[in-house]
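Chemist: One structure is given below, represented as C-alpha cells, and several questions about it will come after.
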Amino acid sequence: MSSNTVGGADGASVVPEQGSGPARTRPTGGPVVAALEAVRKVIDRILIAVCVVIFAALVVIVSWQVFSRQVLDAPATWTEEMARYVFVVLALLGAALVFSERGHIAVEVLIHKLREPVQKVVAVVVEATIMFFAVYVMIFGGYEVAQNAWGQNVSTLPLTVGQIYMILPVAGVLITFFSLCHVVGTFAGTEELVPSVDENNQGI
C-alpha cells in the first residue's frame with residue numbers, strides 16, 4: 001500500500017501538491033501575513049453581509065417607489081433620493097469587496113508573457129497605484145468633500161449630504177488595506193502575481 005505523505009529532513013511529514021510535476025510546498029508567509037489574512041477574511045464577511053442588506057433595502061425602496069406611484073397614485077417623495085444614495089453606498093462598498101478578492105478589471109494579455117520577477121514588479125506597481133488613488137482621492141479628497149457638505153441637508157431624509165459622503169473615506173481605507181495585504185502577500189509568495197479567473201463565474 002502506497003502513501004502520499006513524504007518524510008521531511010527533520011522527520012516532519014510534508015504533503016506534496018497534486019499534479020504531475022515535482023512536489024512543491026506553498027509558502028505560508030509567517031505570522032504577519034497570517035494575521036493580515038485573518039483580518040481581511042473577517043472584513044470580507046462583514047462587507048458581504050452589509051452589501052446583502054443594502055441591496056435588499058435598495059430593492060424594497062425601488063419597489064415601494066413603483067408601487068406608490070403606479071398603484072397608490074401617491075408617489076413617495078423620499079424614495080428617489082434614498083435609492084440614489086443607497087446605490088452609491090452599495091457601489092463603493094461593493095468595489096472595496098471586489099478589490100479584496102482581486103476581481104477588478106485587469107488586462108493580463110501582456111503580463112502572462114513576462115517573466116516572474118517582472119510580473120512581481122508590475123503587481124506591486126499596480127497595487128501602489130491603487131493605494132495612491134485610494135489614499136489621495138478617496139480618503140483625503142472624500143473627507144474634504146464630506147466636510148464641505150456636512151451642513152447641506154437632504155430635503156427628504158434626516159441626513160446631510162456630508163454624512164452620506166463619509167462613505168468615500170471609509171471605502172478608501174478598506175481598499176488601501178486590501179491593497180496592502182496584496183503587496184505583503186506578493187513579497188511573501190502567498191499571493192498570485194496574476195489573479196486567477198474562475199471561468200465558471202464569468203457571465204455569458
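The values are calculated or read from the model by the stated rules, or taken from the named source; none is laboratory data. In this text the structure is predicted, and so the values were computed from the model without any measurement. Here the Cβ positions follow ideal geometry from the backbone for every residue, glycine too, while neighbour counts run over all protein chains shown. In case anyone asks, the SASA skips ligands and DNA or RNA and just uses the protein heavy atoms, side chains included. Shrake-Rupley method; radii C 1.70, N 1.55, O 1.52, S 1.80 Å.
Chemist: Between the stretch 46-104 and the stretch 109-166, what is the C-alpha centre distance in whole Å?
Modeler: 21 Å
Chemist: Between ALA38 and TRP150, what is the spin-label point distance in nm, taking each point 7 Å from the Cα along the Cα→C-beta axis?
Modeler: Label-label distance for ALA38 and TRP150, simple model: 3.6 nm.
Chemist: On to the next question. Sorted by accessible area (1.4 Å probe), largest first, how do LYS120, LYS41 line up?
Modeler: Values: LYS120 70, LYS41 100 Å².
Most to least solvent-accessible, the answer reads LYS41, LYS120.
Chemist: Here's a follow-up. At 1.4 Å probe size, with every protein chain present, just tell me what the per residue accessible area of the stretch 54-101 comes to in Å².
Modeler: Values: 2860 Å² over 48 residues.
Here the residues of the stretch 54-101 average 59 Å² of exposed surface.
Chemist: Rounded to the nearest 10 Å², what accessible area does PHE133 show when all protein chains are kept and the probe is 1.4 Å?
Modeler: 110 Å²
Chemist: What is the distance, in nm, between label points placed 7 Å from the Cα along the Cα-to-Cβ direction at VAL121 and at ALA74?
Modeler: 6.8 nm
Chemist: Same structure, new question: Roughly speaking, what is the stretch gain from VAL62 to PHE87, that is 0.36 nm per residue apart minus the C-alpha to C-alpha distance, in nm to one decimal? Walk me through the numbers before you get to the answer.
Modeler: Working: separation 25, 0.36 × 25 = 9.00 nm, distance 1.06 nm.
Fully extending the segment from VAL62 to PHE87 adds 7.9 nm.
Chemist: How big is the convex hull of the Cα atoms of the stretch 40-160, per residue, in Å³? Numbers along the way, then the final one.
Modeler: Numbers: hull volume 16.7 nm³, N = 121.
Considering the Cα atoms of the stretch 40-160, their hull volume per residue is 138 Å³.
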